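What follows is a single structure, written as structure tokens, with notes after it.
The values are calculated or read from the model by the stated rules, or taken from the named source; none is laboratory data. Note that this is a predicted model, so its numbers are computed, not measured. Reconstructed Cβ throughout: ideal geometry from the backbone, glycine too, with neighbour counts over all protein chains shown. These accessible areas exclude ligands, DNA and RNA; they are computed on the full protein's heavy atoms, side chains included. Shrake-Rupley method; radii C 1.70, N 1.55, O 1.52, S 1.80 Å.
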Amino acid sequence: MKETTTAFETRSLSSLAKVFADSELQDERSADGTALWKEVFSFQIAYRSSTTIADLRVEADSPLLPYMTIRSVGLAPSEMPVYANPDDRYLRTTPGLFPDPLYPLSDGLKAVAGQWRAVWITVSLPSRPESAAPLYAEETTSYPIDIRFKNAAGELLGEEQFKLEIVQAELPEQELLHTEWFHCDC
């Protein structure tokens, strides 16, 4: 009997990167970021497997774990991504599946053979440094965020480390007014 091995790739990416299932990643690795207290910081980890894995597990380890949420990036169908004669600044002009919805990991995570997928990591830092005494430091401190992908048997398939630097300043209260208009004739 031939033994099969699974090739598993990972890459940490900016929250601005688009991970399309059917094409190579266009963005370079982004393994660090900077945030202020009371800020929400997001990044993503793209992954690809040579075989389909129905029960993929994601584990995180970090001093920031109490402030973290991990979700899977879903794919949304787009039948008409552009009108006729688009300019050349579109990521894609053909119909297909586009990365968009964020799903809780409780919905399950899987790797589809040969397709890039991603998990979205959000770090919601507390509003006051005093509420996070173990994390408080003099100036700026960098905290590791380790993300590991394992199969159902608990075997490590891939991992990434992201470093989040927290500047010891607090984001001020938002003063921007947000309104939404509804036009019934449109």
In the range 5-126 the accessible area split gives carbon plus sulfur, as whole percent at 1.4 Å, a share of 49 percent
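Under the rule that an exposed site lies in a DSSP loop and has at most 11 other Cβ atoms within 10 Å, name the longest stretch of the chain with no trypsin sites (Lys or Arg not before Pro) of that kind, not counting the sites themselves.
Details: sites that count: Lys2, Arg89.
Longest gap between qualifying sites, sites excluded: 90-186.
Tell me the per residue accessible area of the chain using a 1.4 Å probe; a whole number in Å² is fine.
65 Å²
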What is the calculated FRET efficiency for Met80 to Ala31, with r their C-beta to C-beta distance and R₀ = 45 Å, to the nearest 0.05? 0.80
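Computed over the Cα atoms, what is the radius of gyration of the chain divided by 2.2 N^0.38 Å, N being its residue count?
On the way: Rg = 19.4 Å, N = 186, 2.2 N^0.38 = 16.0 Å.
Against the empirical 2.2 N^0.38 Å value, I get 1.21 for the chain.
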